[in-house]
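Accompanying notes for the structure given below.
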Amino acid sequence: MKQNMTPKEKAKHLIEIFYQKSPETFGTGKAQQYGIDCALLCVDVILNEVGAKDWDIDTATKTNYWQDVETELSLL
């Protein structure tokens, strides 16, 4: 796994992880949405329960990495 992923790359990576774990929906057209939903839940836990919302803002992008990942997932 690539260490320094962009938020968009991380969003796609999380979807792929959950997509592969959903064999019951594979081929039904629901697997992609299942992957997105699971990835959003994962990011929500990171932001709210782990406390990533309070982590430092990236000085280069002026944004919070995990909030950017959440945004990218919402765009899919």
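The values are calculated or read from the model by the stated rules, or taken from the named source; none is laboratory data. Keep in mind the model is a prediction, meaning the values are calculated, not measured. For neighbour counting, all protein chains shown are included, and Cβ atoms are generated from backbone atoms with ideal geometry for every residue, glycine included.
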Exercise for review: Find all pairs meeting these conditions: Cβ atoms under 7 angstrom apart; at least six residues apart or on different chains; first residue within segment 56-73 and over 14 Å from I46 (Cβ atoms); second residue exposed (fewer than 15 other Cβ atoms within 10 Å of the Cβ) and aliphatic (A, V, I, L, M).
Suggested key: T63/I57
Practice item. Identify the residue in segment 28-66 that is in a helix (DSSP H, G or I) and out of contact with any helix residue (DSSP H, G or I) (no Cβ under 7 Å at 6 or more places or on another chain) and, among all such residues, is modelled with the lowest pLDDT. Key: D54
